[in-house]
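Notes follow once the structure below has been shown.
Nothing in this text is a laboratory measurement; each read-out follows from the coordinates by a stated rule. Please read these numbers as outputs of a predicted model, since none were measured by experiment. Heads up, the Cβs are rebuilt from the backbone with ideal geometry, glycines too, and the neighbour counts pull from every protein chain shown.
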Amino acid sequence: MAWMTQEIPPLVTELLNTGKLTSQDRLLDIGCGSGELALGLARAGIEIVGVDFSDTAILKAREAGHYFPDLRLKFQVGDFCDPNFRLGKFSWLIDRGCLHVIPDDQKQAYFNNAARGLSANGSFLIFHKSNLGDKNNAISLDSLKKMIATYGGQNFELITTKPYDFSEGKNEKVGFALYLKRSAT
Ligand SMILES: C[S@@+](CC[C@H](N)C(=O)[O-])C[C@H]1O[C@@H](n2cnc3c(N)ncnc32)[C@H](O)[C@@H]1O
């Protein structure tokens with residue numbers, strides 16, 4: 001089963017290995033899907049909440065989580081673009097593949113929730129595809145930077161960007177890893 005593989009991208013493994021992400025952290029996985037990344041991180045000792053607006057995805061994630069009752073791992077159905085979304089405070093946010101499916105008219109609500117949920121100086125890692133299935137219509141890094149400045153500029157500072165391959169080496173689903181810090185509140 002897919003969830004049996006610990007699906008942690010090398011960039012996140014690096015964060016664990018360098019102590020930037022530790023068992024002291026509380027992490028929210030935005031748009032967690034069926035929970036592979038959340039489960040992998042929980043197995044690495046991180047306290048984690050996965051949220052997704054798909055009942056089916058959360059059901060699958062919870063089923064996988066049931067095999068590991070000792071982990072600090074919860075899955076919650078929720079719309080991250082709902083202005084009433086509340087799940088408390090986190091020191092880390094991770095989004096792999098959710099922001100790039102959020103419609104433009106909901107991006108402000110998304111970033112408002114991210115700002116509300118992230119502690120001062122907290123970290124936010126976004127894996128964003130640059131090619132949403134149409135090779136002639138790739139999203140440039142510049143346009144992603146502009147998008148972050150437009151919707152998140154008041155609350156977040158973009159620290160680093162790196163290329164990221166969603167297809168694990170096949171170079172089919174390319175994108176960027178965007179590392180943001182919450183500005184002091
Ligand atoms: C491409 S999948 C990525 C799933 C998972 N993060 C992964 O890496 O395998 C995008 C996920 O975002 C979720 N999603 C999209 N919009 C959302 C929203 N407004 N609130 C919560 N989840 C959302 C979808 O249901 C879907 O599970």
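Worth pointing out:
- Single residue of segment 73-85 satisfying the filter (near the ligand (Cβ under 9 Å from one of its atoms) and of a type in the set (Phe, Trp, Tyr)) that is nearest to the chain's Cα centre (by Cα): 80
- The helices (runs of 4 or more DSSP H) found entirely in segment 3-90 that carry 3 or more residues being under 22 Å from residue 101 (Cβ atoms) are 36-43, 55-66.
- Considering the conditions (1) away from the ligand (no atom under 12 Å from the Cβ); (2) surrounded by 16 or more Cβ atoms within 10 Å (Cβ to Cβ); (3) within 23 Å of residue 111 (Cα to Cα), residue 88 is excluded by exactly one of them, (2).
Here's the yes/no breakdown for (1) away from the ligand (no atom under 16 Å from the Cβ); (2) surrounded by fewer than 16 Cβ atoms within 10 Å (Cβ to Cβ):
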position: 11; (1), (2): no, yes
position: 24; (1), (2): yes, yes
position: 29; (1), (2): no, no
position: 38; (1), (2): no, no
position: 52; (1), (2): no, no
position: 71; (1), (2): yes, no
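- Residue ID - surrounded by the most Cβ atoms within 10 Å (Cβ to Cβ), chosen from residues in segment 102-121 that are closer than 17 Å to residue 146 by Cα, in contact (Cβ under 8 Å) with a residue 12 or more places away in the chain and within 11 Å of the ligand (Cβ to nearest atom): 110
- In segment 50-93, the residues that are β-branched (Val, Ile, Thr) and closer than 10 Å to residue 35 by Cα: 51, 58
- For segment 10-35, a residue qualifies if it is among the polar types (S, T, N, Q) and closer than 13 Å to residue 58 by Cβ, and exactly one does: 34.
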